[in-house]
Structure formats: structure tokens, C-alpha cells
Amino acid sequence: MRTIEQIQAAIIADVQAQTELASFSSNTSRRAIWRVWTFVQALAILLLEQIIDVFKVENDLKISMAIPGTRAWLTKKVFEFQYSSTNPQIVQLVNLAPKYPVLDESLRIITRCSVVSTISNIVIIKSAKNDPPQALSSPEITSLKAYIDIIGVDGINYICVSSAPDQIYIDCEIYYDGQYSTVIQGTVGNAINTFLATLPFNGELKLSDLEVKIRSVVGVNDVLLKNVKMRSDATPFVSGTFLVQNNAVISRLFPTVAGYVILENSVSNNINYIAS
């Protein structure tokens, strides 16, 4: 904030820069009438700036408590959701802003979140907990839905979803340098699991990315994807979606349903290692 002396000095400098005011500014006495006018004007400007500063602080506070309702804002609030199975976390309104009485980051269980708007004022919130991600339990989903309804925008229908992971079945041949025979299965397995764990939440699994990830493993010379099948947890294995079938590419990608993917666990994946 400027002082009255700084404001008056700026006014005096402006006056002295105007040649048509030379008859006034030539009198350098501190008691000169034109200097009194600059002091009065500086005082008025100082009071106005103080009023503006107070107004700005009050409005910044109101803005900070406002609910923008954007996708980024809602995603951030989902990650701030607190849950305890023994101590219910109750949101309270403070100056119309929803807040937890006690902020406890150790109770923030959400590690993955995706917010998607659909038609008719419907917003779908997919989420998961822990690392690697897991589906939320029924009480956790119920609590999250109640939390979202309180902090969300009136008139929007929020649907909270948390499902067991999608699964990918891989039938392939991996050609590798025989010098890596003792480690190749472990390094390829780790590479596939890392690839699946780092997919963008609620994104797409691209067949080309999977192939690149396998081929980038030290010791791997080539990979032939013979059959690759994707399914949601609720879909039986026999009804899964082929990305590759009998060495032919059927689809280059699969939009995830749960938002995250693991290796198929209802049948054994068929990964054959061939020294070349």
C-alpha cells in the first residue's frame, strides 16, 4: 500500500512536468497553496485505495469459498474426501462453504478419480482406492455419494462408481536373447504389470503401447501377439472383447470400464518365451 507521502510526491512530479502550471510549481514553499491541494488530493486517493483494498480482500474471501463446479474442482474435492469406518466424517457448512471440521489427510482414501459429464445434467465419478488401485467398498461408495451431494452443484445428478478392475488376457510369443534366460520372465512380467498400473485412469488401453512396452524390455528381440482379449470384471471371460484374434488385429484399443486394468486371473495367460 502506498503512503500519503508517496502519493503526494507523484502528484507534485506530475504538476512540475506541466509547463502550463509553471507559475504555480515555481513556488517551492511547503506552505504554497498548490502544495496544500496536492496533500488534500493525496489524502483522498489514499482513503480510496484503502477502501478498494478492503473490498478486494472481502471479495477474494468470497471467491475462495465459492463453488466453481468445474471438472477440475470436483476432481480435487473427490481426492479430499475423508472416510473412517469408526469415526464418521461429517461435512459442515461454514459461511455456506462445505468443510470437514477436522482435516485429516490420513483419511483420504481416493487414489484414482475421473469425472465425466454426460447428457441431462448427469456427472459420472469413477474412483478407486489404494496402490495398486482397488474398488471402494459399499459403505465407502455410499459415504462418497453423500459427500458429493453436499459439496456439489444443485440440480446435477452425481453418479459415483467404483468397480473391480478390467482384465486383459495375453497369448503371445516373446523372442529373446538366450543370455537373459534366467531373468526374462520376471522382467517381462514386471514390465506388463507396470504398464497396466500406470495407464491413465479411465483412459484407453492401446495395443501398440502394450507391444512397445514388451519390446522395450532388455533382452527381448521381438514379440508376436497372437490373442489379446479385454473384459470388464462383470463380463465373463468367454464374452470378452478381442483386440487380437488368431494373429489378426481386431481393434487397436479398449476403453476401460472400471478405469484400470490387471492381468486376467480367471484363466492362465499364455506367454511363451523363445530364445532366438
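The values are calculated or read from the model by the stated rules, or taken from the named source; none is laboratory data. On a predicted model such as this, the values are computed, not experimentally measured, just so you know. Quick reminder, even Gly has a Cβ in these numbers, built from the backbone with ideal geometry, and neighbours come from all protein chains shown.
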Can you confirm whether segment 50-67 contains a residue that is closer than 24 Å to Tyr158 by Cα and either outside any helix (DSSP H, G or I) or at pLDDT 90 or above (or both)?
yes
For Arg30, state whether it is outside any helix (DSSP H, G or I) and over 28 Å from the mean Cα position of the chain (by Cα).
yes
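Do we have Lys99 as outside the structural domain of Leu210 (by TED's automatic domain parsing), in contact with a strand residue (DSSP E or B) (Cβ under 7 Å, 6 or more places away or on another chain) and without any contact (Cβ under 8 Å) to a residue 24 or more places away in the chain here?
yes
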Exclusive hit being surrounded by 15 or more Cβ atoms within 10 Å (Cβ to Cβ) and either more than 29 Å from Ser85 (Cβ to Cβ) or not acidic (Asp, Glu) (or both), set Leu224, Leu136
Leu136
Criterion violated by Ala9 - all others in (1) among the hydrophobic types (A, V, I, L, M, F, W, C); (2) under 30 Å from Tyr158 (Cβ atoms); (3) free of Cβ contacts under 8 Å to residues at least 12 places away in the same chain; (4) surrounded by 11 or more Cβ atoms within 10 Å (Cβ to Cβ) satisfied
(2)
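Name every residue in segment 66-79 that is of a type in the set (Val, Ile, Thr) and surrounded by 14 or more Cβ atoms within 10 Å (Cβ to Cβ), in order of residue number.
Result: Ile67, Thr75, Val78.
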When residues of segment 80-132 are limited to those that are surrounded by 11 or more Cβ atoms within 10 Å (Cβ to Cβ) and in contact with a Pro (Cβ under 7 Å, 6 or more places away or on another chain), the one nearest to Ile67 (Cα to Cα)
Val91
Qualifying residues in segment 159-192 (those that are in a loop (DSSP other than H, G, I, E, B) and out of contact with any Ser or Thr (no Cβ under 8 Å at 6 or more places or on another chain)) - the one nearest to Asn272 (Cα to Cα)
Ser181
Tell me, yes or no, whether segment 220-236 has at least one residue that is of a type in the set (Asp, Glu) and in a strand (DSSP E or B).
yes
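Taking the stated definitions as given, is Ile271 in contact (Cβ under 8 Å) with a residue 60 or more places away in the chain, touching a Cys at 6+ places or on another chain (Cβ under 7 Å) and not in a loop (DSSP other than H, G, I, E, B)?
yes
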